[in-house]
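Chemist: This structure is in structure tokens; I'll ask about it shortly.
The values are calculated or read from the model by the stated rules, or taken from the named source; none is laboratory data. Values in this document were obtained by computation on a predicted structure and should not be read as measured data. Neighbour counts run over all protein chains shown; Cβ positions are idealised from the backbone, glycine included.
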Amino acid sequence: MAVASSSLAIFFSSILVHHLLTLSTAQQELRYVNCDNGRGNFSADSPYPDNLNHVLSSFSSNQGKDYGFYNASFGENPDQVFARALCRGDVEPDICRSCISDVNKKLQSSVCPNQKEAILGYDECMVFYSNRSIFGILETLPGMHLWSLVNASDPEGFSETLRPLLETLRREAAAGDALRKFAVNDRITPNYQRVYALTECTPDLSEQQCLDCLDQIIQQQPDCCTGRSGGRVIGPSCNFRFEKDRFYNITRTPPPVSSALPEGNKKNNTSRTVIIIVIPIASVMVLVICVGIFLKVRKRRGNYVQYNHDEEVITVESLQYDFSTIRDATNNFSDENKLGQGGFGAVYKGRLATEQDIAVKRLSRDSAQGDLEFKNEVLLVAKLQHRNLVRLLGFSLERNERLLIYEFVPNSSLDRFIFDPNRREQLDWEQRNKIIGGIARGLLYLHEDSRLRIIHRDLKASNILLDIDMNPKIADFGMARLFAMDETQGNTSRIVGTYGYMAPEYIMHGQFSVKSDIFSFGVLILEIVSGQRNSSFRNGDNLEDLLSYAWKNWREGTTLNLIDPCLKVSSTAAITRCIHIALLCVQENAADRPTMDSVGIMLNSYSLTLPVPSQPAFFIQSTIESSDLSSSSSAYASRLMDRSINDEILTFSKNETSITELNPR
């Protein structure tokens, strides 16, 4: 009878909670709103708001999904809407749909008027929409911080308990399936206060993307809400929350791993608990002592320097391949498997025993620079996850052999298409525009959306690989320079890159920043549009500088002269706009160049008026006759070298020029 009464009480309680939750989303104001003005606004007569309403209404009326995640797009560019909605993993399906419907009603009234991108929601659901593709992409911006006005009674103990709890929940949420990536649990603080926490990712992320996303926002917790009894950080792709009181519906959450013992074993609870606690602690202590002795012995044997040399890659040990495995996969690095030769070594195609195709970069054994590039790529690329970046699968270290193992991208590099008179005909304007947009998204991730700001420093057509669907992937991060997020530029005495793509401030003064990559991106756009190399642009029988030719034609209103004759389009407005954007990117003054975020807006928003560009760097007034190519190149090289202290060597080739060393003033 008592059990029946208890069950009845729980039944009516759940109905009451369900009713109250439904009322709460209908009556309260939005918990958070972030209307992003950076993506631009839509006009009063634009179909954008109707497209948005269509998408969100389809979410709230979708009875076929009961796992709380929706994503869809509707409309045509530039008014196409991409939207997704994520409900908290413990929320009932009908409450989830009701919550999304209420968010839509707020948008239809006065929230985020005319904005093309926003993130907003209640406690039970979050809606994110934009005029760009947002599906399957790790994004932490735009985001919000919310915190309780009540301080924790024991702030230090509360924080010490919260940190490992969030880390555990981060892994549990990431391990979820394609329907739900969600985890909750609680812990008791040293002063016997309980802390409840939740982590969640959109389920269209991979496990690694979810781990990275939560890692990035959990790192914001000290800035958000240190010492508070509750707080949350919300991003488009993931979020976490903690409170001193339980805020989630425990009957809908996945059961946490429990160490509770059965009722029949109560008399053995104490002894078993002691065993469970003591054995792991003792094991850890023994392990720590052994490691300490091991390191001490290594140091005495004189191997400490070698250990220190490679300690940077210990964090990615799980990615390490046996050298013999890669040697077998590439048929002992045979010439038949060779894909190309780079500045620091050759690249080979390989096939693992699992039938997976790979690309292997074998760094030159006698290259001191190669060692540096190896460290850079392993430490940087392994943490990067974006569809427009080549994915690092692993690495190999054996004596003086250093290998990088990448995903194999079947369609080779962009330069093999756009600079080939026959193959470039396969790339119509729609395809080329898609490639430009993909490169822009990849660069935006490197500059703004990854955990640390990354400057590529060698962006060029041969470092853009094309997958089976001709989607671009930025490759070769061996020359990337890493920044903390509050740094914007740096100086170097070691100039690395490719002549024709390098910004003037980088060549002449060794100054590099995100604007250096912007310059390279502008050159790349002009090459994609024209189908010709910047370093050997042919105008009839003459060879000219592509930037100079583009500037001259833009100034004279004859930009159509720059367009590849292979491109058969009814309207050239979009191509002309891309040329305009490219000229903004290659302006001589780095401060005048747009950021990648601004470039993305310009590429996608045709209603946005573009500023007038100034003269590009390295503008050359006269053309270069093809017969005088070698002498003209030498004269140009000497002008650059005159700005340096030493007699550096600029190694020229007919197509691309790599500067090996340059020590600028």
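Chemist: For the stretch 518-536, does any single residue satisfy the condition of being in a helix (DSSP H, G or I), at pLDDT below 90 and crowded, with 19+ Cβ neighbours inside 10 Å?
Modeler: no
Chemist: Okay, next question. Can S101 be described as small (G, A, S), assigned to a helix (DSSP H, G or I), surrounded by 17 or more Cβ atoms within 10 Å (Cβ to Cβ) and modelled with pLDDT of 85 or more?
Modeler: yes
Chemist: Go over the candidates V127, V81 one by one and state the one that is at pLDDT 90 or above, under 23 Å from A574 (Cβ atoms), crowded, with 17+ Cβ neighbours inside 10 Å and not basic (K, R).
Modeler: Criteria check complete, one pass: V81.
Chemist: A further question on this structure: Just for strands (runs of 3 or more DSSP E) wholly inside the stretch 111-215: which have at least 3 residues that are in contact with a strand residue (DSSP E or B) (Cβ under 7 Å, 6 or more places away or on another chain), of a type outside the set (F, W, Y) and under 21 Å from C35 (Cα atoms)?
Modeler: Fully inside the stretch 111-215 and qualifying: 118-121, 125-130, 144-147.
Chemist: So, one more: Can you tell me which residue in the stretch 417-447 is farthest from L603 (Cα to Cα), limited to those that are free of Cβ contacts under 8 Å to residues at least 60 places away in the same chain and polar (S, T, N, Q)?
Modeler: Applying the filter and picking the extreme gives N422.
Chemist: Would you pick out the residues in the stretch 410-463 that are within 22 Å of R132 (Cα to Cα), at pLDDT 90 or above and not in a helix (DSSP H, G or I)?
Modeler: D428
Chemist: Another question about this same structure. What's the total number of residues in the stretch 187-199 that are over 11 Å from Y248 (Cα atoms) and touching a residue at least 12 places away in the same chain (Cβ under 8 Å)?
Modeler: Matching residues across the stretch 187-199 total 9.
Chemist: Being hydroxyl-bearing (S, T, Y), surrounded by 17 or more Cβ atoms within 10 Å (Cβ to Cβ) and closer than 19 Å to N471 by Cα is the filter here; which residues of the stretch 383-435 pass it?
Modeler: Y406, S413
Chemist: What number of residues within the stretch 167-219 are hydroxyl-bearing (S, T, Y), on the phi < 0 side of the Ramachandran plot and over 22 Å from the mean Cα position of the chain (by Cα)?
Modeler: Of the residues in the stretch 167-219, 3 are hydroxyl-bearing (S, T, Y), on the phi < 0 side of the Ramachandran plot and over 22 Å from the mean Cα position of the chain (by Cα).
Chemist: Now for a different question. I'd like to verify a number: residues in the stretch 322-367 that are modelled with pLDDT of 85 or more and more than 25 Å from the chain's Cα centre (by Cα), how many?
Modeler: Looking only at that region, the number is 28.
Chemist: Another question, if that's okay. Could you tell me whether any residue of the stretch 402-415 is more than 30 Å from F323 (Cα to Cα) and out of contact with any Leu (no Cβ under 7 Å at 6 or more places or on another chain)?
Modeler: Scanning the stretch 402-415 turns up at least one residue that is more than 30 Å from F323 (Cα to Cα) and out of contact with any Leu (no Cβ under 7 Å at 6 or more places or on another chain).
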